[in-house]
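Heads up, the thing below is written out as structure tokens.
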Amino acid sequence: MASSQPMTATADSAGPVLLQVEDLQVEFATDEGIVRAVDGVSFEVREGEILGVVGESGSGKSVTMMSLMGLIGAQSGTVTGSVRFQDRVLHPESGREMRKIRGNQIGMVFQDPMTALNPVLKVGTQIAEAVRIHHRVSKQAAWQRAVDLLTRVGVPQPDQRADQYPHQFSGGMRQRAMIAMAIANDPLLLIADEPTTALDVTIQAQVLDLLRKAQQETGAATIFITHDLGVIAELAERVIVMYAGRIVERGSVASIFARPRHPYTIGLLSSLPSLKHDVDTLTPIPGSPPNLLQPAAGCPFEPRCVVGRGRPECAEVRPQLVEIAPGHESACHFAEDLEIIDGVPVAAGAAVSDAGTGGSDD
Ligand SMILES: Nc1ncnc2c1ncn2[C@@H]1O[C@H](COP(=O)(O)OP(=O)(O)O)[C@@H](O)[C@H]1O
Ligand SMILES: [Mg+2]
């Protein structure tokens, strides 16, 4: 493989694979039984790309990323699968091994910066420490680096701010400080887990801009996790859609927005206010997320699916992720036949056709 070929940074220029995850599984033993939070997830991240990961709450997005960072405690959860980062093969069941790359080659931004920042240490001290864990520099140099980083992420009066404690920062400023810490060691991969979910809408936009800028400046590949496909549309090039601990659809943002191939994704898209003429007609997906204690034999989305509900093949046979169009995969038995009529997925041709559905667009 050619090493670093000069490449123009178009959205589609796929660099070499940076992170390769194969058949990741994460289980938690609970009083009620085994919860399979991540169920055979495989994906790759290429150098410099922004990969979006979307799904409702509880779909396994955070647990997937936490297992990659070695943050699933061995006492609470069991992680299996294989992970390759650059040319290193890592064993995700060894939290210790995974933690070595955390904070250095991989930076992470969490939903709630307050849980990630230490309340009793000055913000500047925390960023400086993040630098010093991985680099042999003087305290003074590390402090100066912290101030520089705060400047870079748009914190006003960075000298004074570095000298303050997290509670003296607003939510948006704390998230900026977290981003400063995440990029402190020029990571190759940045994982941002719902970094704007806890913020006001206006601040959300600023933090998204900042993340985009940080990504462009550092060239770090970025995994951006959100429950909001609208954010994905603005930021990412490729997207993975998760449901019940599995990947149910994957492809370029362009392809998935142009023609989603899974009823769940269609449901997520229909509940986007920006794509609706009238915000009042928002249609959240009816039904509740599956019980991970008793995984279904068939498609986990079947009970909520307007296409598959009650169909024997959907209830009994687990659909695998297959390529439907170039670079676009779906785990739906009806992926080939799906059409969207008035925002609702319909399996054209596959059904005992209901009278009236003409099958044409609009
Ligand atoms: N420590 C744990 N013990 C038991 N279940 C857990 C634990 N952590 C997460 N889970 C379960 O794993 C599933 C996936 O969680 P998570 O990855 O946080 O979802 P998401 O980030 O997509 O909202 C959820 O059903 C959650 O309740
Ligand atoms: Mg989460």
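The values are calculated or read from the model by the stated rules, or taken from the named source; none is laboratory data. A quick note: this is a predicted structure, and the numbers were derived from the prediction, not measured. Positions of Cβ are backbone-derived with ideal geometry, glycine not excepted, and every protein chain shown enters the neighbour counts. Surface areas here come from the heavy atoms of the whole protein model, side chains and all, with no ligands, DNA or RNA. Shrake-Rupley method; radii C 1.70, N 1.55, O 1.52, S 1.80 Å.
Computed values, structure above
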| read-out | value |
| --- | --- |
| Matching residues in the range 101-115 - criterion: being out of contact with any strand residue (DSSP E or B) (no Cβ under 8 Å at 6 or more places or on another chain) and either touching a residue at least 12 places away in the same chain (Cβ under 8 Å) or open to solvent by less than 80 Å² (accessible area, probe 1.4 Å) (or both) | G103, N104, D112, P113, M114 |
| Within the range 289-345, tally of residues that are assigned to a helix (DSSP H, G or I), surrounded by 16 or more Cβ atoms within 10 Å (Cβ to Cβ) and touching a His at 6+ places or on another chain (Cβ under 8 Å) | 2 |
| Close pairs (6 angstrom Cβ cut-off, 6 or more residues apart or separate chains): away from ligand 1 (no atom under 16 Å from the Cβ) in the range 38-60, part of a strand (DSSP E or B) and open to solvent by 30 Å² or more (accessible area, probe 1.4 Å) anywhere | S42/E22; S42/D23; E44/V17; E44/Q20; R46/V17 |
| Within the range 108-152, considering residues that are away from ligand 1 (no atom under 16 Å from the Cβ) and among the hydroxyl-bearing types (S, T, Y), the one nearest to G172 (Cα to Cα) | T151 |
| Entirely in the range 10-123, the helices (runs of 4 or more DSSP H) that have 2 or more residues that are away from ligand 2 (no atom under 16 Å from the Cβ) | 95-101 |
| Residue under evaluation R36, criteria (1) out of contact with any Leu (no Cβ under 6 Å at 6 or more places or on another chain); (2) more than 24 Å from L208 (Cα to Cα), criterion not met | (1) |
| Test result for Q175, open to solvent by less than 70 Å² (accessible area, probe 1.4 Å), among the polar types (S, T, N, Q) and away from ligand 1 (no atom under 16 Å from the Cβ) | yes |
| Tally, over the range 52-70, of residues that are within 16 Å of S288 (Cβ to Cβ) and of a type in the set (S, T, Y) | 2 |
| V26, sole failed condition from (1) under 23 Å from T222 (Cβ atoms); (2) more than 9 Å from ligand 1 (Cβ to nearest atom); (3) modelled with pLDDT of 90 or more; (4) open to solvent by less than 60 Å² (accessible area, probe 1.4 Å) | (2) |
| Test: residue in the range 206-215 that is closer than 30 Å to I324 by Cα and of a type in the set (V, I, T) | no |
| Candidate set from the range 61-83 (those that are open to solvent by 40 Å² or more (accessible area, probe 1.4 Å) and more than 8 Å from ligand 1 (Cβ to nearest atom)); member that is nearest to E329 (Cα to Cα) | S82 |
| Condition check for I127: of a type outside the set (S, T, N, Q), surrounded by 21 or more Cβ atoms within 10 Å (Cβ to Cβ) and assigned to a strand (DSSP E or B) | no |
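Here's the yes/no breakdown for (1) free of Cβ contacts under 8 Å to residues at least 40 places away in the same chain; (2) open to solvent by less than 20 Å² (accessible area, probe 1.4 Å); (3) more than 14 Å from the chain's Cα centre (by Cα):
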| residue | (1), (2), (3) |
| --- | --- |
| I191 | no, yes, no |
| Q206 | no, no, yes |
| T218 | yes, no, yes |
| H227 | no, no, no |
| A236 | no, yes, no |
| V248 | no, yes, no |
| P263 | no, yes, yes |
| P273 | no, no, yes |
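Matching residues to (1) closer than 26 Å to E47 by Cβ; (2) out of contact with any Leu (no Cβ under 8 Å at 6 or more places or on another chain):
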residue	(1), (2)
M108	yes, no
T115	no, yes
G124	no, no
D163	no, yes
H167	no, yes
A177	no, no
